[in-house]
Amino acid sequence: MYQKAVAKQYENLVASLLKQRGWSICAKNFRHIGFEIDIIGSRGDQLVAFEVKYRKKFRECFDEVQELIPYKKWRAIRRGLKFYTYLYAKKEPRLACELVIVFPTATGLKLKRFGLDQNYASLDLD
């Protein structure tokens, strides 16, 4: 139970920071059979699924972002985002998936964003 409370705390932090950066938060913890998406946000014609992870230590260079989101989970998130679009979108948005890593620094918490493209390749967004 403690881990769920901590996860929710960081998801709320990320959602508020995304709002400050001009994102509209469409849904939090959107789930259906086979998937759960931490945050769904939109900006312009883009709809993004944000997967939030907290780490006590952040290695500046991940060998692969994929070690935090396995391919099977990434596929489930994409499927969930398409399902969300089917249910709620008035027009067809551009879809994307991002990993947001929250980690402590000497001056407070820091966020690092990575995108996962259609071919499951990671893109450093910060």
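Miscellaneous remarks
- Residue 90 at pLDDT 85 or above, more than 23 Å from residue 12 (Cβ to Cβ) and loosely packed, with under 10 Cβ neighbours inside 10 Å: no
- Filtered residue count, segment 25-40, keeping only those that are without any contact (Cβ under 8 Å) to a residue 24 or more places away in the chain and either surrounded by 12 or more Cβ atoms within 10 Å (Cβ to Cβ) or under 15 Å from residue 101 (Cα atoms) (or both): 3
- The residue list 3, 20 contains one member that is surrounded by fewer than 17 Cβ atoms within 10 Å (Cβ to Cβ), farther than 23 Å from residue 92 by Cβ and either under 15 Å from the mean Cα position of the chain (by Cα) or at pLDDT 90 or above (or both), which is 20.
- Pairs are defined by a Cβ separation below 8 Å, a sequence spacing of at least 6 or placement on different chains, a first member in segment 45-57 that is in a loop (DSSP other than H, G, I, E, B), and a second member that is among the aromatic types (Phe, Trp, Tyr); the pairs so defined are 55/103; 56/103; 57/103.
Yes/no matrix, rows are residues, columns are (1) among the hydrophobic types (A, V, I, L, M, F, W, C); (2) modelled with pLDDT of 95 or more; (3) over 22 Å from residue 88 (Cβ atoms):
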{"position": "7", "(1), (2), (3)": "yes, no, yes"}
{"position": "11", "(1), (2), (3)": "no, no, no"}
{"position": "38", "(1), (2), (3)": "no, yes, no"}
{"position": "46", "(1), (2), (3)": "no, no, no"}
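The values are calculated or read from the model by the stated rules, or taken from the named source; none is laboratory data. Just so it is clear, the model here is predicted, and its values are computed rather than measured. Positions of Cβ are generated from backbone atoms using ideal geometry, with glycine treated the same way; all protein chains shown enter the neighbour counts.
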